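The values are calculated or read from the model by the stated rules, or taken from the named source; none is laboratory data. What you see is a predicted model; the values in this text were computed from it and never measured. Using ideal geometry, Cβ is built from the backbone for each residue, glycine included, and neighbour counts are taken over all protein chains shown.
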Amino acid sequence: MDKRLLEILVCPLCKSQLHLDSNKHELICKADRLAYPIRDDVPVMLVDEARSLSADEIA
């Protein structure tokens, strides 16, 4: 994923910064405990498409 794109993307729900999990191809919002998928190198920034994260996955 392009670093410039990662710098400007924010969580659509709370507007906090996202963190890249390159192993799972997801963008992580720690504040909302959501993981937004990256499909074909395109981040899917829809809350309905995000999966909830457990407390263990946040750490």
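Summed over the stretch 32-59, residues that are of a type in the set (A, V, I, L, M, F, W, C) and modelled with pLDDT of 95 or more total 9. Residues of the stretch 1-49 that are touching a Ser or Thr at 6+ places or on another chain (Cβ under 6 Å) and β-branched (Val, Ile, Thr): none at all.
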